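Single-structure report; data block below.
The values are calculated or read from the model by the stated rules, or taken from the named source; none is laboratory data. Since we're looking at a predicted model, the values are computed, not measured. Because the Cβ atoms are built from the backbone with ideal geometry, glycine has one as well, and the counts that use them run over all protein chains shown. Calculation scope for accessible area: heavy atoms of the full protein, side chains included, ligands and nucleic acids excluded. Shrake-Rupley method; radii C 1.70, N 1.55, O 1.52, S 1.80 Å.
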Amino acid sequence: MLYRKFSTYLEEWSELEEKPALLIEGARQIGKTTLIREFAKNKYGKNFAEINFITTPSAKKIFEGDINAEEILSKLSLFLKKTFVPHKTLIFFDEVQECPAVRTAIKFLVEDGRFDYIESGSLLGINYGEITSYAVGFEDIQMMYPMDFEEFAIAAGVPADTFPLLKECYDAEKPVDSFIHQQMLRLFTTYMIVGGMPAAVQEYVSSKDMGKIAGIQSAILKLYRKDIIRYAGDDKAKITNIFDTIPAELNAKNKRFKLSDLSRSARMERYESCFNWLTDAGIGLPCFNLSEVKQPLEINMRRNLFKYFFCDTGLLCALCSGDVQFQIMSGNYWINEGSIVENLIAQQLLGNGFALYYYDKKGMGEVDFVAAQHTELIPVEVKSGEDYHAHRALDNLLSNEEFALNRAIVFSRGNVETAGKITYLPLYMVMFFKKETMMDKIRFSD
């Protein structure tokens, strides 16, 4: 069983005295169902019930008619031929996008209070109109992502004591031992082409056979295309076009997604819902341009100017034509204008809690990302070449007195170093750059 950080959240949720239903969403094939089953086996033993609304579509009838917890639970018990033990049983509804009525009924099931509930789905944002009433306050909605680099490194056998050592270097801004640095950088390169889909990672751990890994990635991409055809309705042609165009758009020098590359007559008002579909499906990751590098970033966001990343670099490599994987393993990070590396950092930042923004202004240049950490804004550059000390746009931004920025980060293949306001970090140290919250430190006086 591959280690997933999300298992910690499952444990914390299970210890709550009054549990909301836990709704886990995310792209297909990222390991949601496997993780939930493993958790249930360890925590609930035989007191576990599961319904998958894709493999057993007849189960949808359980939620037809009047919404009543007693009646629904009786139907569930009869359908599964299983007796539920009060206060000891977990009921798992998988692929709930196929049965939106579950999202309405869950309020009454949670209010009933006898059992615990987990819901999971991959395309939950696409059928919100079919849900008659959301269970506000009765669902804890959490996003799950593909395996991040730290999870991949653990699966690959990196010793547990290596991570505290690296974290110490990160915190103290001191160089990592040269041998360890090169080993971690090599593993990060491997992660770039294998990606974080658990099936691909497991194949890497088991066989190291890139041909088999590529076959798994190809199958996942085919599944994504089938989902578009099945669920996207009249927009399936547009969405498929966007899906297939993502690698080429990231390959452009400024990486901004140009609608004119889809169609000469393409307009944002006609395509916005298509981008939203891919985003809601967990496949596409939008990164919006900022008009000003000032808080709050949401107000300064320009929705019509954006870069559009893919949910997993392994899948992105599989989407690209040519020998991208071979080139990357040979040390050519700059292939595809460095888009693979930048995509990887984007998905890691998102998984670490940051919303994705970038800054690009004529006369200033483009800075890859802008991260909000408390009240501070931190520009982030990703450098895939050897000239990572050259960053004109970042220098321009830091020298702008209007924005008053105190520090910046450059992720590169180099070791840890500092120069003025800029901290240079190895690419693999993105695993330590996480969104912090101060909410748990707030105390109210009596």
field: Residue match in segment 199-211 (condition: within 30 Å of Arg303 (Cα to Cα) and open to solvent by 50 Å² or more (accessible area, probe 1.4 Å))
entry: no
field: Any pair with Cβ under 8 angstrom, 6 or more apart, that starts in segment 321-336 at a residue that is in contact (Cβ under 8 Å) with a residue 60 or more places away in the chain and ends at one that is open to solvent by less than 80 Å² (accessible area, probe 1.4 Å) and in a loop (DSSP other than H, G, I, E, B)
entry: Tyr333/Ser384; Tyr333/Gly385; Tyr333/Arg413; Asn336/Cys320
- request: Determine which single condition Met431 fails, assuming it passes every other condition in (1) open to solvent by less than 10 Å² (accessible area, probe 1.4 Å); (2) modelled with pLDDT under 95.
  value: (2)
- prompt: Can you tell me which of Phe79, Phe39 is surrounded by 20 or more Cβ atoms within 10 Å (Cβ to Cβ), of a type in the set (Phe, Trp, Tyr) and part of a helix (DSSP H, G or I)?
  reply: Phe39
- prompt: If you scan segment 42-56, which residues turn out to be open to solvent by 70 Å² or more (accessible area, probe 1.4 Å) and assigned to a loop (DSSP other than H, G, I, E, B)?
  reply: Lys46, Thr55
query: Does Ala59 fit the bill of being touching a Gly at 6+ places or on another chain (Cβ under 7 Å) and open to solvent by less than 30 Å² (accessible area, probe 1.4 Å)?
result: no
- line: Checked against (1) out of contact with any strand residue (DSSP E or B) (no Cβ under 7 Å at 6 or more places or on another chain); (2) open to solvent by less than 10 Å² (accessible area, probe 1.4 Å); (3) within 30 Å of Met429 (Cβ to Cβ), Ile228 satisfies every condition except (3)
- prompt: Does Gly414 satisfy the condition of being surrounded by fewer than 10 Cβ atoms within 10 Å (Cβ to Cβ) and at pLDDT 95 or above?
  reply: no
- request: Report whether or not Glu249 is modelled with pLDDT under 95 and either buried (at least 17 other Cβ atoms within 10 Å of the Cβ) or not in a loop (DSSP other than H, G, I, E, B) (or both).
  value: yes
- request: Taking Glu95 as the residue in question, decide whether it is of a type in the set (Asp, Glu) and either over 23 Å from Tyr224 (Cα atoms) or open to solvent by 70 Å² or more (accessible area, probe 1.4 Å) (or both).
  value: no
statement: Here the residues within segment 215-246 that are at pLDDT 95 or above and among the small types (Gly, Ala, Ser) are Gly215, Ser218, Ala219
- line: Taking segment 13-36 and keeping only residues that are part of a helix (DSSP H, G or I), open to solvent by 10 Å² or more (accessible area, probe 1.4 Å) and within 11 Å of Gln142 (Cβ to Cβ), one is left with Lys32
message: Condition check: under 26 Å from the mean Cα position of the chain (by Cα) and basic (Lys, Arg). Does Lys19 satisfy that?
response: yes
- prompt: Out of segment 304-319, which residues are over 20 Å from the mean Cα position of the chain (by Cα) and not aliphatic (A, V, I, L, M)?
  reply: Asn304
- prompt: If we only count strands (runs of 3 or more DSSP E) wholly inside segment 321-400, which ones have 2 or more residues that are crowded, with 21+ Cβ neighbours inside 10 Å?
  reply: 357-361, 369-373, 376-382
message: Condition first: among the polar types (S, T, N, Q) and either on the phi > 0 side of the Ramachandran plot or open to solvent by 30 Å² or more (accessible area, probe 1.4 Å) (or both). Now tell me which residues in segment 280-320 satisfy that.
response: Ser291, Gln295, Asn304
task: State yes or no: is Met268 of a type outside the set (Val, Ile, Thr), farther than 23 Å from Gly26 by Cβ and either touching a residue at least 12 places away in the same chain (Cβ under 8 Å) or open to solvent by 50 Å² or more (accessible area, probe 1.4 Å) (or both)?
output: yes
query: Do we find a residue being over 18 Å from Leu290 (Cα atoms) and touching a residue at least 24 places away in the same chain (Cβ under 8 Å) anywhere in segment 354-373?
result: no
